[in-house]
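Asker: This is the structure I want to talk about, given as structure tokens.
The values are calculated or read from the model by the stated rules, or taken from the named source; none is laboratory data. Quick caveat: nothing in here was measured; it's all calculated off a predicted structure. Ideal geometry is used to build each Cβ from the backbone, glycine not excepted, and the neighbour counts take in all protein chains shown.
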Amino acid sequence: MGTQVVGRAMPLAGHRRLALLLGTMAGAAIFLVALGVGFTRDPTLVSSPLVGRPAPAFTLVTLTGETMDLSRLRGRPVVLNFWASWCLPCRDEAPLLVAADTGYRSQGLQVVGVIYQDSAANARAFMARYGQTYPGLLDPDGRTALNYGVFGIPETFFIDRDGIIVTKKTGQLDAASLRTGIEAILK
């Protein structure tokens, strides 16, 4: 008269725990795959919609009080570097930019630094410390950085003689990436 239980059914709470465990494991697996893919990519190769397009125009004031208009540099290749005195990678790349400024000047190259979220006094001290003779431009409202899509410094844009951005380097320049960028705009 009694019924025999052949197998034991899993209580409802057990199903929930199993579903939660499987969901957590699947989420962790997806996260680890995404993390692995991220580590295989070069973080400095951030695409920019500006590459291949005319460089956004700007007129800014230098640390010496002169006005500089990007359009006046048309016909010259330009290395446009966004930097700040508080930026540690900017300190490491500064000597490379100074060397490029002096080494390629005879080929018409113009190096320009746009000071990003920094004071004029700190920028002047930085430029003196590293012997920068190329213009340091104040961007007090950050409009130029915004127009170039700068989201972290240093960022460097390589602009050809026609005013077209040929390439962009996000992060600290090294000698090879600087040389490659310059060679692309000297053509």
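Asker: Hey, among the residues in segment 100-127 that are more than 22 Å from the chain's Cα centre (by Cα) and within 23 Å of Ala184 (Cβ to Cβ), which one's surrounded by the fewest Cβ atoms within 10 Å (Cβ to Cβ)?
Answerer: So, considering only residues that are more than 22 Å from the chain's Cα centre (by Cα) and within 23 Å of Ala184 (Cβ to Cβ), the one surrounded by the fewest Cβ atoms within 10 Å (Cβ to Cβ) is Ser106.
Asker: Also, quick follow-up: Considering only residues that are crowded, with 22+ Cβ neighbours inside 10 Å and within 10 Å of the chain's Cα centre (by Cα), which ones fall in segment 149-167?
Answerer: Correct list: Ile153, Pro154, Glu155, Thr156, Phe157.
Asker: Could you list all residues from segment 72-126 that are in a loop (DSSP other than H, G, I, E, B) and not hydroxyl-bearing (Ser, Thr, Tyr)?
Answerer: Arg74, Gly75, Arg76, Pro77, Ala84, Trp86, Cys87, Gly108, Leu109, Gln117, Asp118
Asker: If you don't mind, another one. Report whether or not Gly113 is in the same structural domain as Pro89 (by TED's automatic domain parsing) and on the phi > 0 side of the Ramachandran plot.
Answerer: Judged against the criteria, Gly113 is not a match.
Asker: Which condition from (1) more than 20 Å from Ile164 (Cβ to Cβ); (2) in contact with a Pro (Cβ under 9 Å, 6 or more places away or on another chain); (3) surrounded by 20 or more Cβ atoms within 10 Å (Cβ to Cβ) is the one that Tyr130 breaks?
Answerer: (3)
Asker: Regarding Gly38, is this residue in a helix (DSSP H, G or I), at pLDDT below 75 and either of a type outside the set (Lys, Arg) or under 17 Å from the mean Cα position of the chain (by Cα) (or both)?
Answerer: In short, yes.
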